[in-house]
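Engineer: My structure is below; once you've seen it, I'll send some questions.
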Amino acid sequence: MRMLSRNSTFNSHGQDSSYFLGWQEYEKNPYHEVHNTNGIIQMGLAENQLCFDLLESWLAKNPEAAAFKKNGESIFAELALFQDYHGLPAFKKAMVDFMAEIRGNKVTFDPNHLVLTAGATSANETFIFCLADPGEAVLIPTPYYPGFDRDLKWRTGVEIVPIHCTSSNGFQITETALEEAYQEAEKRNLRVKGVLVTNPSNPLGTTMTRNELYLLLSFVEDKGIHLISDEIYSGTAFSSPSFISVMEVLKDRNCDENSEVWQRVHVVYSLSKDLGLPGFRVGAIYSNDDMVVAAATKMSSFGLVSSQTQHLLSAMLSDKKLTKNYIAENHKRLKQRQKKLVSGLQKSGISCLNGNAGLFCWVDMRHLLRSNTFEAEMELWKKIVYEVHLNISPGSSCHCTEPGWFRVCFANLPERTLDLAMQRLKAFVGEYYNVPEVNGGSQSSHLSHSRRQSLTKWVSRLSFDDRGPIPGR
C-alpha cells in the first residue's frame, strides 16, 4: 500500500535541475569576504539589493509605518486580527498605482481586478489552477525560468510545451515557433489552454518588442486561448527600448473591454524584483475576467499577504516622492552594475546578449565548450561552480536549445564581490583556454589540445544526494 500521495512522490518538482543543484553547492560553501574568501560566490540569485538604502532611509523618516501606528495611535490590534482575503483596500490601491507608474502611466489598473498572493510563485500557480486542468498544457518560450517546472506543473498536473526560440534573432518569438509548439502539443494529445511569457525576460534580460506582443495577441485570439504575461521584472528596464506591458498593447489595439481576447489576457506582478523585497512575499494577479478574479480570490486564502506587510507597503508606495525617486535611481544603478558585469566578461573574451532589463545577463560561453553538446555545457558549468567557485545557471536548466549559454546575476552582490568574481573567471579562462583577449591578442578563442584533454577527463566530484531548500528566481 502506498503511504504517501502522488504529489509527495512524483518527480515533477524540478529540484534535480542544475539550477537548484548549484544553489546547494553554494550553501555548502558560501563566499564571505572575511570568513570564507575562497567560497562560492552566488551569481545564480536574481535579487535586487542595489537600492536598500533608499527604502531604509524612508523607514527612518517614517517610523509610524513600521511601528504600526496611524496618526500617533497604535493600530497593532487592528492589523493582528483576522482580515478578509480580499486584501486591504489602501494597499491594493497603492499597488495598482505603482504598477501604472512603472509603466509610465500609459495604462491604469483597477484594484477590483487585482488579487494579492504570497509572491509571484503563488500567482503563477493560481493562474494555472484557474485556467487549466490536469493533462492540459501551456506554451512557454525558451529559454525560461527553471522554477516554472515546479511552479506551473508540480501540483497542477499541467504540462509545459516549449516554444523554441534561438540566438539567430536574439531569442525573439516567431510565428513559426508558436505554431510548431502548438502542433507539438496536439501531437501529444494535449489541449493548449494558454501561452505564458515573462516580460522582461528571465533569463534573457531583454524586453519583448511591440511586434512580439502583437504576434502573441493575434495567436491567442486565433486559437481561443489565454495569455499570461509575468511582468515581475517590469520595473527593471534600465535602458532602451523601454518596457511595454501587454496591457498597453491591448489598449493600442482598441480592444473592446467585452471582447474575448480582452478577457483572456492576464498579468502577474510582484514586489520581489522591482523593490527587492522577496522576503515580504507580495505578489499579485491581474485579470480582466471577473470569473478568474473571483476564483483566484478564493484560492488566495492558501497564500495570503499579512496585514502588517500590506500596511507597511501601503504607506511606502503611497509616497509618490519616494516611488518616483526610487524608480529612477533603481534604473540608474541597474544600468551601471550591468555595464560592469559586461565589461568584466569582455576582459575574459566572453560576450552577452544585448540586454536592457532584469537582474542578470544571458552570457555566451559557446566558444569555451569542448564540443557543441549539453554534456560539454555541464562539464564547463561544473568547473565554474567547483573550481572557479562561481554559481551561475546553465542554459540547459532554462531549457535553452543551444548549449553554452549561462545566466549570470549581478544585482545581488556588492560591487567588490563582483570584481572578485570577474578576476576568478578571467584567471580560469586564461589558464584553461587560449583566449587572446585574456592573453593580450585578438578576440577569437579556442581550446588548446591539452586543455581539451583536461576537460574531457574531468570527472564530476559533485554529490547531489542531499536536497537543500529551494531558492526563488
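Engineer: Please specify each residue of segment 35-58 satisfying the condition of being part of a loop (DSSP other than H, G, I, E, B) and either of a type in the set (Asp, Glu) or open to solvent by 50 Å² or more (accessible area, probe 1.4 Å) (or both).
Structural biologist: His35, Thr37, Asn38, Glu47, Gln49
Engineer: What number of residues within segment 236-270 satisfy the criterion of being among the small types (Gly, Ala, Ser), under 19 Å from Val195 (Cβ atoms) and open to solvent by 20 Å² or more (accessible area, probe 1.4 Å)? Quick ask: steps written out before the conclusion?
Structural biologist: First, pick out the residues of segment 236-270 that are among the small types (Gly, Ala, Ser): 237, 239-240, 242, 245, 259, 270.
After this cut, where a residue has to be under 19 Å from Val195 (Cβ atoms) as well, the list is 245, 259.
If we keep only those that are open to solvent by 20 Å² or more (accessible area, probe 1.4 Å) too, we end up with 259.
Adding up the residues that qualify gives 1.
Engineer: What is the one condition in (1) touching a residue at least 12 places away in the same chain (Cβ under 8 Å); (2) surrounded by fewer than 17 Cβ atoms within 10 Å (Cβ to Cβ); (3) of a type in the set (Asp, Glu) that Asp151 does not satisfy?
Structural biologist: Status for Asp151: all satisfied but (2).
Engineer: Here is a follow-up. Taking the criterion of being among the small types (Gly, Ala, Ser), open to solvent by less than 70 Å² (accessible area, probe 1.4 Å), part of a loop (DSSP other than H, G, I, E, B) and modelled with pLDDT of 85 or more, would at least one residue in segment 15-34 satisfy it?
Structural biologist: The first filter runs over segment 15-34 and keeps only residues among the small types (Gly, Ala, Ser), leaving 17-18, 22.
Remaining after also requiring open to solvent by less than 70 Å² (accessible area, probe 1.4 Å): 17-18, 22.
With the extra rule that they be part of a loop (DSSP other than H, G, I, E, B), the set shrinks to 17.
Add one more test, that the residue is modelled with pLDDT of 85 or more, and what stays is none.
Scanning segment 15-34, I find no residue that is among the small types (Gly, Ala, Ser), open to solvent by less than 70 Å² (accessible area, probe 1.4 Å), part of a loop (DSSP other than H, G, I, E, B) and modelled with pLDDT of 85 or more, so the answer is no.
Engineer: For Met378, only one of the following conditions fails: (1) of a type in the set (A, V, I, L, M); (2) part of a helix (DSSP H, G or I); (3) under 18 Å from Lys273 (Cα atoms). What is its number?
Structural biologist: (3)
Engineer: Okay, next question. For segment 224-273, give me the residue count where each residue is under 20 Å from the mean Cα position of the chain (by Cα), polar (S, T, N, Q) and assigned to a loop (DSSP other than H, G, I, E, B).
Structural biologist: Residues that pass the stated criteria total 5.
Engineer: Can you name every residue in segment 340-354 that is surrounded by fewer than 24 Cβ atoms within 10 Å (Cβ to Cβ) and within 21 Å of Ser168 (Cβ to Cβ)?
Structural biologist: Residues satisfying the conditions are Ser351, Cys352, Leu353, Asn354.
Engineer: State which residue is farthest from Thr236 (Cα to Cα) when the search covers only segment 184-213 and only residues that are open to solvent by 20 Å² or more (accessible area, probe 1.4 Å) and touching a residue at least 60 places away in the same chain (Cβ under 8 Å).
Structural biologist: Lys193
Engineer: Met316 - would you say it is open to solvent by 30 Å² or more (accessible area, probe 1.4 Å) and either among the hydrophobic types (A, V, I, L, M, F, W, C) or under 25 Å from Leu413 (Cα atoms) (or both)?
Structural biologist: On the way: open to solvent by 30 Å² or more (accessible area, probe 1.4 Å): no; either among the hydrophobic types (A, V, I, L, M, F, W, C) or under 25 Å from Leu413 (Cα atoms) (or both): yes.
Judged against the criteria, Met316 is not a match.
Engineer: Go through (1) touching a residue at least 24 places away in the same chain (Cβ under 8 Å); (2) more than 13 Å from Pro143 (Cα to Cα); (3) of a type in the set (Ser, Thr, Tyr) and name the single condition Ser168 misses.
Structural biologist: Ser168 satisfies every listed condition except (1).
Engineer: For Asp274, indicate whether it is open to solvent by 10 Å² or more (accessible area, probe 1.4 Å) and either in contact (Cβ under 8 Å) with a residue 24 or more places away in the chain or not acidic (Asp, Glu) (or both). Before you say what the answer is, go through the steps one by one.
Structural biologist: Details: open to solvent by 10 Å² or more (accessible area, probe 1.4 Å): no; either in contact (Cβ under 8 Å) with a residue 24 or more places away in the chain or not acidic (Asp, Glu) (or both): yes.
For Asp274, the condition - open to solvent by 10 Å² or more (accessible area, probe 1.4 Å) and either in contact (Cβ under 8 Å) with a residue 24 or more places away in the chain or not acidic (Asp, Glu) (or both) - is not met.
The values are calculated or read from the model by the stated rules, or taken from the named source; none is laboratory data. Source: prediction; values computed, not measured. Backbone-built Cβ (ideal geometry, glycine too); neighbour counts: all protein chains shown. Surface areas here come from the heavy atoms of the whole protein model, side chains and all, with no ligands, DNA or RNA. Shrake-Rupley method; radii C 1.70, N 1.55, O 1.52, S 1.80 Å.
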